[in-house]
Amino acid sequence: MTIKDLMQTMDYGPAPESATEALAWIADRPVIGHFINGRFTAPEGETVEVVNPATDAVLTRVGLGTATEVDAAVQAARAAFPKWAALPGHDRARYLYALARHVQKRERFFSVLETLDNGKTIRESRDIDVPLVARHFYHHAGWAELMADDFPGHTALGVCGQIIPWNFPLLMLAWKVAPALAAGNTVVLKPADLTPLTAYAFAEICAEIGLPPGVLNIVNGDGATGALIAGHEGVAKVAFTGSTEVGRVIRRQIAGSGKKLSLELGGKSPFIVFEDADLDAAVEGVVDAIWFNQGEVCCAGSRLLVQEGIAPRFFDRLRKRMETLRGGDPLDKTMDVGALVSRKQLARINGLLAQAEAEGATLHRAPAQMPAQGAFCAPGFLTGTAPAHTVSQTEIFGPIATTLTFRTPDEAITLANDTRYGLAASVWSQNIDRAIEIAAKVKAGVVWINATNIFDAGAPFGGFRESGYGREGGRAGMREYLTAPARPGKPRPDPAPLSGVAPHAGKADRPSIDVTAKLYIGGKQARADGGQSYTVTGKGGVALGQAALANRKDVRNAVEAAGKAGGWGGVTAHNRAQVLYFLAENLSQRAEEFTAALAACGTPKPAEEVAATLRRAFWYAAQADKFDGTVTATKSNHVTLTVNEPFGTMGLIAPDEAPLLGLMSLILPAIAMGNRVVAVASQSHPLLATRLYQVLETSDIPGGVVNLLTGTRDELAKTLAEHDDVAALWYCGSASGVAMVETASAGNLKPVWTDQGLTRDWLDPAQGQGRDFLHRAVQVKTIWLPYGA
Ligand code: NDP
């Protein structure tokens, strides 16, 4: 018998982790209440059971926070905010550092408690969750220290309402709390009612290290408590991780409130295996992608896309590997698979699997004997799943992957992007060209090359599309908890009402030859679909001419044209810069004409506005190849790239003030970063935009990159906000319009940036230009590239 044979025949002995201390801690807390203003308060409302999902044993009870309790927590956080925000960064850093240290000192306790509460294996809570929690607090202690240097002029937002799920209870707390506190915010956090224990123990650590009362408050509860926190008027920012469905509810709930929002939602992430992949490594990758944490991972590689030639071999190896997985008591250190979070989740998964089989898929299940007691779900994968099957599109959130095969890299990309989500992707190929090409083309916020499910506090994490927006971790994550220097601004007056589409008999400033102002779609002037124009009046109510009245159909045409101009995102930044310089050159040749047109509108400083537009074009041309991503220091033997990617098609709603400069201040940064835009010109002064067509036509801007519409601002804005192919929206309109577009954007969860309905002095570069515009024109993609043996 060889050593290999011996190794294969040896059985595992029991290797239980002791739960004595954690169970004693729980026994001392028969009811988990809240942590408000530095005090642990008994719940005043209903309580529900906290269950160990691996044994069905009731561990304790937890309170469901009421409106009074939420209010007390928000008031405490508000009261603590000024002092906490005013502390020197170094002082806040010391607190965060102490939190990191204390988590480390209790790492075994936290790991066991997490495993008891959530059902995840002790191996994962001990080796992944808790170390990452400590790392997160250390990293953000650093940001607190450096805030003044790295984010000059930026300030904290106020009270952050944070709502987290049950799949990584303590880790999600760290991802939310560490950046918020580092930046000088105070927090009201709600853990999931299924898993409140480690957050409560963390609150005890906060008390232990002497964190000032009110800086971190924890209100336990369910969705209703979460809604109370999100809706509280004292909250300045809402950060949510959970399902896309609830993300939408929150988006609508707080629309128009001025609250900043970040959403980390669901995913259906592709795991793409090419025939030149290291197959053994890729099989191990699947273990970490979909069976890690019982598949209860938002970025789980849940759709296996395998190149046709190797598919039978790959699935065969996967099946064999699956046979060796051990499932059972999560406190046993040798287990690979623990329990799901609840029996309810198990029932949901079983329902989806039954549906998959009814739709024609075959389920391959690990033979692992799972305990009869508890919410255990044997790992597996489905073959015969078609893209249209429910399980191919719906997040299973359990240890079961779907599979598809592909022939060519293009087909792999098409399948990978055939989802409404865009959280993560994993690419397996030994061909570096191919792997990087796929990483560039896949629509996902995080891409792992020959790796999966790696996280680090310095590497931004977050989604594209319906996986949400905002990033957690690194510099991009800090930006979510800061606000740029305040700028003055008055509520924007309503635009001139449309004077009607009927002939206008009033005094007119008649040109020598009558000009028909059209729309500009796909590089061509186009008549409005509805065949209507509206009269535009200028200074003194003089009729200046007619502008086309665009409707929903025109918006759709413009979005379609923008969609076809995807090549713009692929040209070099140098080329984009050249086009912007050329645009400035052509505009400068017509400076007098634009100055006169602006004067006719009644603009206060027409010549300055034209000159500022030229300078702005130069500034963004200069930025086109300098607003870079970075290589981030994460783990050893890893290159971690954070790349600024364009959104694709953006909707831009221009302000009424500064009709030329305001419009161009939105278009220039968006196209400099590689986006295509559908821009709605000032409703009151649209004829400036129509003059721009000729400048655009002569400036080598490919057709479809800039599309210009004129008409009723908020009607067009609403259609753009609702449009699924518009990936981001900037809106400079009224306060009520802000609420309208934020609500309408909940469909495909596009990020919406508004100026809260406040005017800007567009002539002032500090207000009308800058890196903030560039940040808003891109989404960060984090690409992980391990190297070495
Ligand atoms: P939810 O999105 O409902 O829960 C996430 C958090 O939001 C919890 O703290 C929850 O409270 C809270 N919440 C629920 N409703 C509201 C509301 N209206 N306003 C504010 N907060 C609210 O996820 P579920 O637990 O219901 O899980 C359902 C599915 O969601 C999973 O099967 C999975 O597909 C997905 N999911 C995705 C996650 C991710 O990380 N992307 C994480 C968790 C789930 P409470 O749980 O206490 O009721």
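The values are calculated or read from the model by the stated rules, or taken from the named source; none is laboratory data. Note that this is a predicted model, so its numbers are computed, not measured. Cβ sites come from the backbone with ideal geometry, for glycine too, and all protein chains shown count toward neighbours. Accessible surface areas use protein heavy atoms only, side chains included; no ligands, DNA or RNA. Shrake-Rupley method; radii C 1.70, N 1.55, O 1.52, S 1.80 Å.
Among 141-152, 464-475, what's the highest-first ranking by average C-beta atoms within 10 angstrom per residue?
Result, highest mean first: 464-475, 141-152.
Listed peptides 193-202, 74-83, 109-118 appear in the order 109-118, 193-202, 74-83 once ranked by packing, highest mean of other Cβ atoms within 10 Å at the front. Shape summary: the range 664-717 maps onto an equivalent ellipsoid whose semi-axes, from the alpha-carbon gyration tensor, are 19, 13, 9 Å in decreasing order.
Between Val159, Val51, Ala93, the Cα set farthest toward the positive side of the dipole of the range 47-173 (charges on each charged residue's Cβ, about the Cα centre) is that of Ala93. The label point for Arg552 and the one for Ala347, both projected 7 Å from the Cα toward the Cβ, are 4.0 nm apart.
In the context of the full protein assembly, Ile432 retains an accessible surface of approximately 90 Å², using a probe radius of 1.4 Å and ignoring ligands and nucleic acids.
Ordered from largest to smallest accessible area (heavy atoms of protein chains, 1.4 Å probe), the residues Met10, Met478 come out as Met10, Met478.
If Lys and Arg each add +1 and Asp and Glu each add -1, what is the summed charge of the other residues whose beta carbon sits under 11 Å from the beta carbon of Ala192?
On the way: positive: Lys190; negative: Asp117, Asp193, Asp222.
Summing Lys and Arg as +1 and Asp and Glu as -1 gives -2.
Kyte-Doolittle cut-off -0.5, length cut-off 20 Å along the helix's own axis using Cα: show which whole DSSP H helices in the chain pass. Write down the numbers at each step before the final one.
On the way: long enough: 67-86 (29 Å, 0.27); 89-105 (24 Å, -0.98); 130-150 (30 Å, -0.04); 169-183 (22 Å, 1.49); 343-358 (22 Å, -0.26); 573-589 (24 Å, -0.21); 606-624 (27 Å, -0.03).
Passing helices, by number: 67-86, 130-150, 169-183, 343-358, 573-589, 606-624.
Which one, Thr244, Ala611, Gly570, is farthest towards the positive end of the dipole of the chain when Lys and Arg carry +1 and Asp and Glu -1 on their Cβ? Value computed over the given set: Ala611.
Name the residues of the range 654-694 whose amide N is less than 18 Å from a point 7 angstrom out from the Cα of Glu608 along the C-beta direction? Under cut-off, by backbone N: 656-665. Beyond 15 Å, the tail of the calculated P(r) for the range 714-789 holds 62 percent of the Cα pairs. For the range 440-479 and the range 297-337, compute the distance between their C-alpha centroids and round to whole Å. First find each Cα centre; the distance between them is then 23 Å.
Rounded to the nearest 500, what is the chain's calculated 222 nm mean residue ellipticity when only DSSP H runs of at least 4 contribute -39500 (n - 2.57) each, over all residues? Display every interim value, and only then the final one.
On the way: 27 runs with 310 residues, N = 789.
Theoretical 222 nm ellipticity from helices: -12000 deg cm²/dmol.
Here the Kirkwood formula puts the hydrodynamic radius of the chain at 27.9 Å, using every distinct Cα pair. Surface composition of the range 580-684: carbon and sulfur make up 56 percent of the accessible area, probe 1.4 Å. The charge dipole of the chain, taken about the Cα centre with unit charges on the Cβ atoms of Lys, Arg (+1) and Asp, Glu (-1), comes to about 1260 debye, rounded to the nearest 20. When nucleic acids and ligands are ignored and a 1.4 Å probe is applied, His102 ends up with an accessible area of around 40 Å².
Which value results when the Cα radius of gyration for the range 108-249 is divided by 2.2 N^0.38 Å? Intermediate values should be presented prior to the final figure.
Details: Rg = 15.0 Å, N = 142, 2.2 N^0.38 = 14.5 Å.
Ratio of Cα Rg to 2.2 N^0.38 Å: 1.04.
With no solvent and one equal point scatterer placed on each C-alpha of the range 521-659, evaluate the Debye formula and give log10 I(q)/I(0) for q = 0.10, 0.14 Å⁻¹, two decimals. Evaluating at q = 0.10, 0.14 Å⁻¹ gives log10 I(q)/I(0) of -0.53, -0.94.
The dipole here belongs to the range 367-468: it is taken about the Cα centre, uses +1 on the Cβ of Lys and Arg and -1 on the Cβ of Asp and Glu, and is about 80 debye.
Would you mind giving the three semi-axes, in whole Å and largest first, of the ellipsoid equivalent to the range 641-777 according to its Cα gyration tensor? Spell out each step's value before the answer.
Working: eigenvalues 75, 67, 50 Å².
Values for the range 641-777, descending: 19, 18, 16 Å.
If the chain linking Ala67 and Ala766 were pulled fully straight, counting 0.36 nm for each residue of separation and taking away their Cα-Cα distance, it would gain 247.5 nm. You can think of it this way: the chain between Glu46 and Glu284 has 81.2 nm of extra reach, that is 0.36 nm per residue less the Cα-Cα gap. Dipole check for the range 277-353: with +1 at the C-beta of Lys and Arg, -1 at the C-beta of Asp and Glu, and the Cα centre as origin, the magnitude is about 340 Debye. If you take the Cα centroid of the range 181-218 and the Cα centroid of the range 585-615, the two points sit 54 Å apart.
Highest mean packing first, where packing is the average number of other Cβ atoms within 10 Å per residue, the peptides 233-246, 745-758 line up as 233-246, 745-758. The modelled label-to-label distance between Arg108 and Gln393, using points 7 Å beyond Cα along the C-beta direction, is 5.0 nm. Between the listed residues Gly295, Val273, Gly285, the Cα displaced farthest toward the positive end of the dipole of the range 256-306, a dipole computed from Cβ unit charges relative to the Cα centre, is found at Gly295.
Let's test the formula: R0 of 60 Å, r as the Cβ-Cβ distance of Arg407 and Arg39. What FRET efficiency results, to the nearest 0.05? Computed FRET efficiency for Arg407 and Arg39 comes out at 0.45. The base-10 log of I(q)/I(0) for the range 1-130, evaluated at q = 0.10, 0.15, 0.23 Å⁻¹, reads -0.52, -0.97, -1.26 [Debye formula, identical scatterers on Cα atoms, solvent excluded].
With the other protein chains left in place, how much accessible area per residue, in square angstrom, belongs to the chain at a 1.4 angstrom probe? Walk me through the numbers on the way to the answer.
On the way: 29490 Å² over 789 residues.
Roughly 37 Å² per residue, with all protein chains present.
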